[in-house]
Amino acid sequence: MTSIKQNIAEVINQITLATEKCGRAADSVQLLAVSKTKPVEAIEEAIAAGQYAFGENYVQEGVDKVNHFSSHPEKNLLVWHFIGPIQSNKTRLVAEHFDWVHSIDRIKTAKRLSDQRPTSMAPLQVLLQVNSSAEATKSGITLAEVPALAAEIAAMPNIELRGLMSIPQPATDYDSQFATFKALADTLEQLKLTYPNIDTLSMGMSGDMEAAIAAGSTIVRIGTAIFGARDYGNKE
Ligand SMILES: *Cc1c(COP(=O)(O)O)cnc(C)c1O
């Protein structure tokens, strides 16, 4: 069995190769280690390997981890991203504990997060979740809905819009993966014209990282390849 440290090195190697292939700088793409369902010991191992950005999907579990690591020697380097669906009654916990939220798809959620973000903390950095597969059952807004939601969020004081996130349908071939990601990247470029702080595209997972990076991803979200398979039935 390979260690978390080795896995991280391997994923970073894949990111570097993908950036070289499309002529981008290796440090223009950040690795977000998705640690949902994994114990704090696994995160500890990742931190020891120099990984500081973590993504969590479940509010209470994520909050427990943020609290656990709030006394860690490297706590100031850690960056916590909430990437799962947010129910209204959980926005306060997210606003009080996380640095980033990738999964904004409603004005109401954004407004609650801004209202509940403690002013003693830096503004919450947020991304709009786009549903690139146009599946009614999935969370996320359409690309056409992005400008209106962006305009609302830009007026909110305690959250800062940084870009877009998407979880596309698993597409098997590179070309369709790339086309979906490129549409998102084009929309981001449009947003940048109005909002100068926008710079982030959270897209690309294990199976579609290369296409996402070629299209302009700045954050790839990787879980299993770092921490191993998840066991939802028997949470550690
Ligand atoms: C779980 C999850 C990931 C990571 O998935 P893996 O297949 O474990 O790499 C990435 N993004 C989101 C939004 C997730 O929920």
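The values are calculated or read from the model by the stated rules, or taken from the named source; none is laboratory data. Small disclaimer: the values here were computed from a predicted structure and weren't measured. When we count neighbours, we look across all protein chains shown, and the Cβ atoms used for this are built from the backbone with ideal geometry, even at glycine. Surface areas here come from the heavy atoms of the whole protein model, side chains and all, with no ligands, DNA or RNA. Shrake-Rupley method; radii C 1.70, N 1.55, O 1.52, S 1.80 Å.
Remarks
- Looking across 53, 33, 25, 110, one residue alone is open to solvent by 40 Å² or more (accessible area, probe 1.4 Å) and closer than 26 Å to residue 185 by Cβ. It is 25.
- Residue 190 fulfils the conditions (1) more than 16 Å from the ligand (Cβ to nearest atom); (2) open to solvent by 30 Å² or more (accessible area, probe 1.4 Å); (3) outside any helix (DSSP H, G or I); (4) of a type outside the set (Phe, Trp, Tyr) except for a single criterion, (3).
- Of all residues making up the range 129-159, the number that are over 21 Å from residue 93 (Cβ atoms) and not in a helix (DSSP H, G or I): 13
- Screening the range 1-113 for strands (runs of 3 or more DSSP E) wholly inside it with 1 or more residues that are farther than 24 Å from residue 165 by Cα and out of contact with any His (no Cβ under 6 Å at 6 or more places or on another chain) returns no ranges.
- Just so you know, in the range 194-216 the residues that are buried (at least 22 other Cβ atoms within 10 Å of the Cβ) and within 18 Å of residue 82 (Cα to Cα) include one that is farthest from the ligand (Cβ to nearest atom), and it is 201.
- Top-ranked residue of the range 217-228 - restricted to ones that are part of a loop (DSSP other than H, G, I, E, B) and more than 8 Å from the ligand (Cβ to nearest atom), ranked as modelled with the lowest pLDDT: 228
- Qualifying positions in the range 22-73 - within 14 Å of residue 4 (Cα to Cα), within 14 Å of the ligand (Cβ to nearest atom) and acidic (Asp, Glu): none
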